[in-house]
Amino acid sequence: MAFKHRAIIDTIPSYKQGKPAPTVEGHKSFKISSNENPFQPLPSVVKAIESLSLSRINRYPDMRGWQVVERLAALHDVKPEQIVLGCGSTEVITQLVQLVAGPGDEVIYPWRSFEAYPIIVATAGAESIQIPNRPDGSHDIDGIIAAINDRTRLIILNNPNNPTATALTVDEARRVMEAAPSDVLVLMDEAYIQFNTSADTAVGMDLFRQYPNVVVAQTFSKAYGLAGLRIGYAVAPEDVVDGMRKVALPFAVTDLAQKAALASLDVQEELDARVKQLLAERDRVVVALREQGWEFPQPYANFFWLPLQERTDEVAAAFVGYGLSVRVFSGEGIRISIGEPEANDGVIEVMSHFTPAK
Ligand SMILES: Cc1ncc(COP(=O)(O)O)c(C=O)c1O
């Protein structure tokens, strides 16, 4: 950039959004690159949004989002003062990093993981300490613990991890909690918690009740299917919530998003049924690909990870040719979201044209 600016900005990678579905003649195209929910919003949620008087859009939203905060507090059995909303959980994580880390400070997290982490940390002026995942895509707990030092200001655990879809066990999370100094916060990023069927998974809210330094981030974007409206939240100690609110983007969560979140919390059972359908589709795809001979981590999210390494680009091109946009990490692998059954059929079909390496 020709204008005076912070040097750190030149080192920050731009966030790469999942590509839109490609148009390919003879194929119906699908976007399965962004871990979105393929279901359209439930009718009751649409109705709630529609009922919001358009004559109110000259007014700012309730900045604290009290109605949603109170509902979430009841849901999680915490005080409303322990909940903070954000424009997606991306903003909530940003608030937390802004609160605790600046120049000279370190934030530890697994890598690969959610690609917003390095951007958020660098923007705060802090340093990312990325701990490479184990070969099976799971967090390297020993590596995370070994990286803790006097400069550590935050440890992020992503359960299930984006993009590898692996789950963190109770034991692994406890080990991190026991190793982390009690004045260093540990963030449990649980954007995909509703899809986590791992029997011995760590649960952020259980940890929150056991340790004083846990923050849990969740979102309405994935299981609730409200990605386009942008609303997420954190459960955190009261003083952390107060701090996060100071650095939050004012009025970032619209009335529309708040209304849709409330309406979604009213129809939890219908949403759970949709999650179940997606899990059944996930299992179907996993079984089919394993039958083809592919080896990949057991997924515990609404997506899965194919560690194709040097074959990644070749396979990725085949997906595009079939009208499917997937998330490609060149040289590492492909992350594929569970989409409409037809999209999932396409995934199975594309992969059947390749032979797994022995
Ligand atoms: C691990 C993880 N955390 C957080 C988010 C943030 O989602 P949102 O900002 O839509 O709530 C995502 C989105 O892809 C994610 O993958």
Report summary line: With all protein chains present, the chain has a carbon and sulfur share of its accessible area (1.4 Å probe) in percent of 53 percent
Query raised in the report: From the phi of every residue in the stretch 21-36, what ³J(HN,Hα) in whole Hz does the Karplus formula 6.51 cos²θ - 1.76 cosθ + 1.60 yield, where θ is phi - 60° and glycine or proline is x?
Result: 5, x, 8, 10, 4, x, 10, 7, 9, 9, 9, 10, 10, 10, 6, 7
Requested in this report: Return the tail of the calculated pair distribution for the stretch 195-261, meaning the percent of Cα-Cα pairs more than 13 Å apart.
Outcome: 71 percent
Report summary line: Quick shape check on the stretch 273-339: root eigenvalues a ≥ b ≥ c of the Cα gyration tensor, a/c under 1.5 is rounded, otherwise prolate if a/b tops b/c, else oblate, and it reads prolate
Requested in this report: Over 23 Å between C-alpha atoms is what I'm after, so list which of K19/K259; K28/K259; K31/K222 land there.
Outcome: K19/K259; K28/K259
**Report entry** Reduced Cα scattering model of the stretch 44-266, Debye log10 I(q)/I(0), q = 0.08, 0.14, 0.16 Å⁻¹
**Finding:** -0.27, -0.83, -1.07
Report task. Starting from the Cα-Cα distance between E291 and S29, subtract it from 0.36 nm times their residue separation and give me the gain in nm to one decimal. Result -> 91.8 nm
Requested in this report: Using the heavy atoms of the protein chains and a 1.4 angstrom probe, tell me the accessible area per residue for the stretch 44-266 in square angstrom.
Outcome: 40 Å²
Query raised in the report: Over what distance in Å are the Cα centres of the stretch 126-162 and the stretch 7-64 separated?
Result: 29 Å
Report summary line: Only helices counted: for the chain, with every DSSP H run of 4 or more residues adding -39500 (n - 2.57) and the sum spread over all residues, [θ] at 222 nm is -11000 deg cm²/dmol
Report task. Quick one: compute a quarter of the convex hull surface over the Cα atoms of the stretch 144-259 and quote it in nm². Result -> 8.2 nm²
Report summary line: Quick calc, the chain, dipole around Cα centre from Cβ unit charges on Lys, Arg (+) and Asp, Glu (-), nearest 20 debye, gives 860 debye
Requested in this report: Before anything else, pin down the relative contact order of the chain: Cα pairs under 8 Å, at least 6 apart, normalised by residue count, whole percent.
Outcome: 24 percent
Query - Packing rank of 264-277, 120-133, where each peptide gets the mean count of other beta carbons within 10 Å, highest leading - result: 120-133, 264-277
Report summary line: Check: C-alpha center the stretch 293-314 vs C-alpha center the stretch 212-254, spacing in Å is 30 Å
Query - Residues whose placed amide H lies under 5 Å from that of W111, excluding near-sequence neighbours - result: I131, N133
Query raised in the report: Residue by residue through the stretch 255-264, which ³J(HN,Hα) values in whole Hz follow from phi under the Karplus form 6.51 cos²θ - 1.76 cosθ + 1.60 (θ = phi - 60°), with glycine and proline marked x?
Result: 4, 4, 5, 5, 4, 5, 5, 4, 5, 5
**Report entry** Net lengthening on full extension, R59/K276 (0.36 nm per residue, minus Cα-Cα)
**Finding:** 74.3 nm
**Report entry** Rh (Kirkwood; distinct C-alpha pairs) - the stretch 240-358, Å
**Finding:** 16.8 Å
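The values are calculated or read from the model by the stated rules, or taken from the named source; none is laboratory data. The structure presented is a predicted model; accordingly, all values stated were derived computationally and were not measured. A quick note on method: Cβ atoms are made from the backbone with ideal geometry, for glycine too, and the neighbour counts reach across all protein chains shown. Only protein heavy atoms, including side chains, enter the accessible area calculation; ligands, DNA and RNA are left aside. Shrake-Rupley method; radii C 1.70, N 1.55, O 1.52, S 1.80 Å.
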